[in-house]
Amino acid sequence: MENLVRKNILNLSPYLSAREEYSEKKGVFLDANENPFGIYNRYPDPYQETLKQRLSEIKNILSNRIFIGNGSDEIIDIAFRIFCEPYRDKALTFIPTYGMYEVSANINAVELIKIPLNSDFQIDKKTIEPFFSDKNLKLIFICSPNNPTGNLLKSEDIEFILQNFKGIVIVDEAYIDFCDQPSFLEKIEKYPNLIVSQTLSKAWGLAGIRLGIAYMNESFLSYYNKVKAPYNISAVNQKIALETLHNIEEYEQKRNEILSEKTKLINELKGLKIVRKIYPSDANFLLIEADNANELYSQLIAKQIIIRNRNTVIPNCLRITVGTQEENQKLVIALKQISNG
Ligand SMILES: *Cc1c(COP(=O)(O)O)cnc(C)c1O
């Protein structure tokens, strides 16, 4: 797989931080120009070993398959920087999908090929096959469950791509904890070209700390570690993440509450005539079709209820995040008022 890595990254001598030269905890540390006073005065662990150990237990995967990023955004950006030569290489994704792949491609001067999903928001294998022979195509992003459509993509289709595409496949599983399907994490050893991306931003409730996780083979991991900023995860964030990852009970309770609220919300929305369609969802949000998405969006804004207008992506569609019982109730009341308009 090494031939997929850009030459400048293959040959890169990474920054060697003071904390890497001497890894023991005990000692008189006069090596990093830190302030000797305070609580957060020391640079954090550059490789977040304790946090990875915990993730390794929860996810049942070796900790030397884990990369932790400053949000999934960093994971996506680093993929472009390791594998894509600017102004030459390409990436591919299936639309409609998460907007960050395109932004990151543009920042890195990489062309993003956008293949439409079919009418069930699934991959049409025929549309992708011709691209497998493109030598400059390096990355394929697959978001499953997909944002903003909410559905899982068929695992056979993802495996078909993993088996036939010679470049890297990044499966973005930001919403995987809300569905009952197994993660592609289990297939890391089987497919050396697979990177699975997850996050603490959704089911774990930590969007504020910006912590994304990627699972990959050891070789790719070594390049991720070379390219990342030396101390990409702050000591405060490592601490909060670790505490949260030890509280599995609270995590499960919150997730189950979101899922039961989702079922209630679907039932309420079904009874409203301004809601034309509710798409099936494997995530913590619902994609709905309205008579007029722009109008509905503005009417809700006027009531200080903010949902995501996806009209420009899928005509007359809006994305609703499942909130607390109280928040969802406010939304339903507002929708009823608008409906009876
Ligand atoms: C919300 C979301 C993420 C999470 O991004 P972070 O940078 O980790 O907060 C990643 N991918 C998709 C598709 C998302 O919707």
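The values are calculated or read from the model by the stated rules, or taken from the named source; none is laboratory data. As the structure is a computational prediction, the values presented were derived from the model and not from experiment. Counting neighbours? That spans all protein chains shown, and the Cβs are built from the backbone with ideal geometry, glycine included. Keep in mind that these areas ignore ligands, DNA and RNA; they rest on the heavy atoms of the full protein, side chains included. Shrake-Rupley method; radii C 1.70, N 1.55, O 1.52, S 1.80 Å.
List of remarks:
- Here the stretch 295-311 is the region considered, the condition is being touching a helix residue (DSSP H, G or I) at 6+ places or on another chain (Cβ under 7 Å) and of a type in the set (S, T, N, Q), and the residue that is farthest from N284 (Cα to Cα) is Q299.
- Cβ-Cβ distances below 9 Å connect no pair with a first residue in the stretch 274-288 that is outside the structural domain of S183 (by TED's automatic domain parsing) and farther than 18 Å from N328 by Cα, a second residue that is surrounded by fewer than 22 Cβ atoms within 10 Å (Cβ to Cβ) and basic (K, R), and a separation of six or more residues or different chains.
- Looking only at the stretch 15-65, and only at residues there that are hydroxyl-bearing (S, T, Y) and in contact (Cβ under 8 Å) with a residue 12 or more places away in the chain, the one that is least open to solvent (accessible area, probe 1.4 Å): S17
- When I306, I338, I301 are checked against the criterion of being surrounded by 14 or more Cβ atoms within 10 Å (Cβ to Cβ), among the β-branched types (V, I, T) and either over 18 Å from K262 (Cα atoms) or not assigned by TED's automatic domain parsing to the domain that holds T149 (or both), I338 stands alone in meeting it.
- Search result, residues across the stretch 23-60 that are among the hydrophobic types (A, V, I, L, M, F, W, C) and under 29 Å from I188 (Cα atoms): L51, L55, I58
- The stretch 47-78 - residue that is within 13 Å of the ligand (Cβ to nearest atom) and among the small types (G, A, S) and, of those, farthest from K7 (Cα to Cα): G71
- The helices (runs of 4 or more DSSP H) found wholly in the stretch 1-95 and carrying at least 1 residues that are more than 27 Å from L200 (Cβ to Cβ) occupy 7-10, 18-21.
- Residue pairs meeting the criteria (Cβ under 7 Å; at least 6 apart or on separate chains; first within 20 Å of L318 (Cα to Cα), in the stretch 84-109; second open to solvent by 30 Å² or more (accessible area, probe 1.4 Å) and not in a loop (DSSP other than H, G, I, E, B)): I95/K114; I95/P116; M100/D73
- Yes/no for L12 being open to solvent by less than 40 Å² (accessible area, probe 1.4 Å) and in contact with a helix residue (DSSP H, G or I) (Cβ under 9 Å, 6 or more places away or on another chain): no
- Under the condition of being over 24 Å from E102 (Cα atoms) and in contact (Cβ under 8 Å) with a residue 60 or more places away in the chain, the residues counted in the stretch 292-330 number 5.
- The set of residues in the stretch 272-283 that are out of contact with any helix residue (DSSP H, G or I) (no Cβ under 9 Å at 6 or more places or on another chain) and either open to solvent by less than 70 Å² (accessible area, probe 1.4 Å) or under 17 Å from L296 (Cα atoms) (or both) comprises R276, K277, Y279.
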